[in-house]
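The values are calculated or read from the model by the stated rules, or taken from the named source; none is laboratory data. Remember, predicted model here, so these are calculated numbers, not experimental data. Glycine gets a Cβ as well: all are built from the backbone with ideal geometry, and neighbour counts include every protein chain shown.
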Amino acid sequence: MLGFIRRYRDLLAIGALLAVPLITYLAHAKRGRDLNGLDRAVLWATAPIERAITSVVGGAIDRQQSWFALRGVREENLELRRENLRLKGEVARLAESQEENARLRRLLGFAEAAPAPMLVAPVVGESPVLNLLTLKVGKGTRDGVAKGMAVLASEGIVGRVLNAGPTSADVLLLSDSNFAVPVRVQRSRARAKVLGQGALNRPALVQAQRTEDIEEGDILVTSGTDGVFPKGLVVGRVAGVERPNHGMFLSAEVAPAVDLAYPDSRLEEVFVLTGLPGRQDFPEASLPAR
Amino acid sequence: MKVVLISLACLALVAVECALLRPLGISVARADVHVVFVLFFALRCQTLEGALGAFAAGYFVDVLSGQPSGLYVFTSVLTFLLARLLAPFVDVRSVKGFVPLAAVIDLLHTLAAIGLLSLASPSTRLGPLFSAMWPTAGLTMLAALLIWPLLKSIEGLFKKPERGLLL
């Protein structure tokens, strides 16, 4: 036996190098990745490289854009002053509305919902492979980021934390084909689900009944039923509604509120909702099945 | 030692790629940097140490992309073996042979990854991956061209000087 092992040592070792990852992958493909100590060490070691490059390249792009921007700065300055005046007026009007809203809430006996604590995280990288669309952000478990937390931008939802290392975390994007979020149409309150369709396609609106009041341009907001995203966050707008003659559901595309596809995307920072517990265990249907 | 150093270089370059993808605006295809390293392992290292290097390269991609464990580890070791089989038929002593072979090996690697994805998850949309296959191979060729001098210089560190006839 020992002679056999010694004779075919290399072959057996290579067989093991093939078999172990294959079995691990087939066993864990639907459950996602739980980072072990070695994974965390690798992420910890690479985070400074990514941060440094992002900072250097971002700085160079900023300088170049600043130089070009100087050419039209005078006209832009005037335009901004005008807009500033207009916005001041609008802020005053909104403050008045907020006061009125708070008063009405008190009257109705509703408690003002406390906003969930959020953490600002810089975007430092992107997945090197296409079959899982993720962003890497420069905050990790040391900052309170955990697997399953919701990730937002000021325009709407971005995705949710897939893995969190000590100093960085991977965020599964809304556009990835494994991403799903339950939504409501803001206008008609119709229920549906938004599913990512990969890098080349817009997300799809699914499980929306054919008879529901859904029109092109309708704003979709999170329904809050998944326990990850709070209720009422903007997901995107309905585009290209098709109502087939047969079947229960209509089909539509969704134009995401946050532009996630480069080179159009200008996403540099995101907010991680650290106040909500997030989901530690992804349901199988919404997991990266890879 | 050579394999360890080349593996660390692979880790660093995959991390660099992660950070550069957004500013460079590359959204429909990625260069498979690790495949270049796997090919080098197949051509320039002994079978077992090369396989270990390929294993490490695949592991780094798995970790940095957030993939479930094993996908790219398996495809990297498999690609290593395929490259090992193809190597005798191609002259890869210079960059002229290395770069086209990197593209061919990358196509095989992508096909292996797609096969494994469809096996584990039949509902996965494979169309975008097939359509990105050719641009990815092109970018990998470019990466191979750029990485070749680095790999040669690392290899040079471990070359023992040959003794002359009179010594």
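Just to be sure before I move on: is B:L85 away from chain A (no Cβ under 12 Å) and in a helix (DSSP H, G or I) in the structure I sent?
Answer is yes for this residue.
Please find, among B:V33, B:V104, B:V95, the residue that is over 25 Å from A:G15 (Cβ atoms) and either surrounded by fewer than 24 Cβ atoms within 10 Å (Cβ to Cβ) or among the polar types (S, T, N, Q) (or both).
Within the list B:V33, B:V104, B:V95, the selection yields B:V95.
I want to confirm something. Restricting to the range B:31-60 and keeping residues that are closer than 22 Å to A:D39 by Cα and free of Cβ contacts under 8 Å to residues at least 24 places away in the same chain, which single residue is nearest to the other protein chains (Cβ to nearest Cβ)?
Residue satisfying both the conditions and the ranking: B:F55.
Within the range A:15-31, can you find the residues that are modelled with pLDDT under 85 and more than 8 Å from every other protein chain (Cβ to nearest Cβ)?
Matches in the range A:15-31: A:A27 only.
Hey, among B:S7, B:S76, which residue is surrounded by fewer than 24 Cβ atoms within 10 Å (Cβ to Cβ), among the polar types (S, T, N, Q) and either in contact with a Pro (Cβ under 7 Å, 6 or more places away or on another chain) or within 30 Å of B:P128 (Cα to Cα) (or both)?
The match here is B:S7.
I'm checking my understanding of the structure. Among residues of the range A:174-218 that are of a type in the set (V, I, T) and crowded, with 23+ Cβ neighbours inside 10 Å, which one is nearest to the other protein chains (Cβ to nearest Cβ)?
A:V194
(1) crowded, with 16+ Cβ neighbours inside 10 Å; (2) part of a helix (DSSP H, G or I): which one isn't true of A:F68, the others all being true?
With respect to (1) crowded, with 16+ Cβ neighbours inside 10 Å; (2) part of a helix (DSSP H, G or I), A:F68 is out only on (1).
Conditions first: (1) in contact (Cβ under 8 Å) with a residue 12 or more places away in the chain; (2) within 26 Å of B:R93 (Cα to Cα); (3) within 12 Å of chain A (Cβ to nearest Cβ); (4) in a helix (DSSP H, G or I). B:E17 passes all but one, so which condition is the exception?
(2)
For the range A:32-47, enumerate the residues that are more than 7 Å from chain B (Cβ to nearest Cβ) and surrounded by 12 or more Cβ atoms within 10 Å (Cβ to Cβ).
Listed by number, the residues that qualify are A:D34, A:L35, A:R40, A:A41, A:W44, A:A45, A:A47.
Here is a list: B:A132, B:A113, B:A120. Which entry is of a type outside the set (S, T, N, Q), under 19 Å from A:L133 (Cβ atoms) and touching a residue at least 60 places away in the same chain (Cβ under 8 Å)?
B:A132
Could you check the range A:157-201 and list, in sequence order, the residues that are out of contact with any strand residue (DSSP E or B) (no Cβ under 6 Å at 6 or more places or on another chain) and within 20 Å of B:L126 (Cβ to Cβ)?
Those that are out of contact with any strand residue (DSSP E or B) (no Cβ under 6 Å at 6 or more places or on another chain) and within 20 Å of B:L126 (Cβ to Cβ): A:S175, A:D176, A:S177, A:N178, A:G196, A:G198, A:A199, A:L200, A:N201.
Results for (1) part of a loop (DSSP other than H, G, I, E, B); (2) more than 18 Å from A:A153 (Cβ to Cβ), shown as yes or no for each residue.
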residue	(1), (2)
A:L205	no, yes
A:E215	yes, yes
A:G227	yes, yes
A:P230	yes, no
A:V235	no, no
A:G240	no, yes
A:G247	yes, yes
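Give A:L80, A:L18, A:L2 a once-over and let me know the one that is farther than 24 Å from B:A54 by Cβ, surrounded by 12 or more Cβ atoms within 10 Å (Cβ to Cβ) and not assigned by TED's automatic domain parsing to the domain that holds A:R142.
A:L80
Read through the list (1) at the interface with chain A (Cβ under 9 Å from one of its Cβ atoms); (2) modelled with pLDDT of 90 or more; (3) surrounded by fewer than 17 Cβ atoms within 10 Å (Cβ to Cβ), then give the number of the only condition that B:V28 fails.
Among (1) at the interface with chain A (Cβ under 9 Å from one of its Cβ atoms); (2) modelled with pLDDT of 90 or more; (3) surrounded by fewer than 17 Cβ atoms within 10 Å (Cβ to Cβ), the lone unmet condition for B:V28 is (2).
Is the range A:123-131 home to any residue that is away from chain B (no Cβ under 14 Å) and among the hydroxyl-bearing types (S, T, Y)?
No, that holds for no residue.
In this structure, does B:R22 turn out to be part of a loop (DSSP other than H, G, I, E, B) and at the interface with chain A (Cβ under 7 Å from one of its Cβ atoms)?
For B:R22, the condition - part of a loop (DSSP other than H, G, I, E, B) and at the interface with chain A (Cβ under 7 Å from one of its Cβ atoms) - is not met.
Looking at B:D62, is it more than 11 Å from the chain's Cα centre (by Cα) and farther than 19 Å from B:K152 by Cα?
yes
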